[in-house]
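The values are calculated or read from the model by the stated rules, or taken from the named source; none is laboratory data. As the structure is a prediction and not an experimental result, all values here were calculated from the model. We place every Cβ from the backbone using ideal geometry, glycine too, and count neighbours over all the protein chains shown.
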Amino acid sequence: MKLVDELLNKSKENIEAAKILFNNKLYNASANRSYYAAFHAAIASMNNANIIKINHTELMSHKSVQAIFVKELILKRKTFSSNIKSYLTDLLRVRNIADYHAKGISKKIASRQLNKSVEFVQRLTEEIEK
């Protein structure tokens, strides 16, 4: 199986996990999985476009994934619409609140996080599967 396919499978698995967690009122955990679904989809898109080539042991920082994705696939190549430009940043911000703040996040915020992630993953998956 190609790395891009493995990353997309991981992304889809994280979406499913986020939905299950949300439906069980585990909003912080749902927000976390929602972010990682988008993160893996972004890396898959960059690999698919030959922007980056990583193997199974390499790690990429969250900031570098965000920066390269926006610069290359939105601003330079215009593969994706600029209206998703802030999605990874927004999703990471909410994930950080869910993971590291004492209070955590509400059902409403977790729902927005999940919806944004689903939209992001769908758009990227559609482009990869063209």
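In this structure, does S45 turn out to be closer than 14 Å to S117 by Cα, at pLDDT 95 or above and of a type in the set (S, T, Y)? Give the steps one after another, and end with the answer.
Details: closer than 14 Å to S117 by Cα: no; at pLDDT 95 or above: yes; of a type in the set (S, T, Y): yes.
Against the criterion (closer than 14 Å to S117 by Cα, at pLDDT 95 or above and of a type in the set (S, T, Y)), S45 does not qualify.
The single residue among N28, N47, N9 that is polar (S, T, N, Q), within 18 Å of T125 (Cβ to Cβ), surrounded by fewer than 22 Cβ atoms within 10 Å (Cβ to Cβ) and touching a residue at least 12 places away in the same chain (Cβ under 8 Å) turns out to be N47. Only residues that are exposed (fewer than 13 other Cβ atoms within 10 Å of the Cβ) and not in a loop (DSSP other than H, G, I, E, B) were counted across the range 78-92, and they come to 2.
Does at least one position in the range 104-116 carry a residue that is out of contact with any helix residue (DSSP H, G or I) (no Cβ under 8 Å at 6 or more places or on another chain), more than 14 Å from S30 (Cβ to Cβ) and in a helix (DSSP H, G or I)? No; the residues of the range 104-116 include none that is out of contact with any helix residue (DSSP H, G or I) (no Cβ under 8 Å at 6 or more places or on another chain), more than 14 Å from S30 (Cβ to Cβ) and in a helix (DSSP H, G or I).
If you check F39 against the conditions, is it surrounded by 13 or more Cβ atoms within 10 Å (Cβ to Cβ) and either touching a Phe, Trp or Tyr at 6+ places or on another chain (Cβ under 6 Å) or not in a loop (DSSP other than H, G, I, E, B) (or both)?
Values: surrounded by 13 or more Cβ atoms within 10 Å (Cβ to Cβ): yes; either touching a Phe, Trp or Tyr at 6+ places or on another chain (Cβ under 6 Å) or not in a loop (DSSP other than H, G, I, E, B) (or both): yes.
Taking the combined requirement at face value, the residue satisfies it.
Restricting to the range 61-80, name every residue that is without any contact (Cβ under 8 Å) to a residue 12 or more places away in the chain and closer than 18 Å to Q122 by Cβ. Hit for the range 61-80 is I74, nothing else.
Select, from I68, I109, the only residue that is under 21 Å from E129 (Cα atoms) and out of contact with any Gly (no Cβ under 9 Å at 6 or more places or on another chain).
On the way: I109 fails: under 21 Å from E129 (Cα atoms).
Unique residue meeting the criteria: I68.
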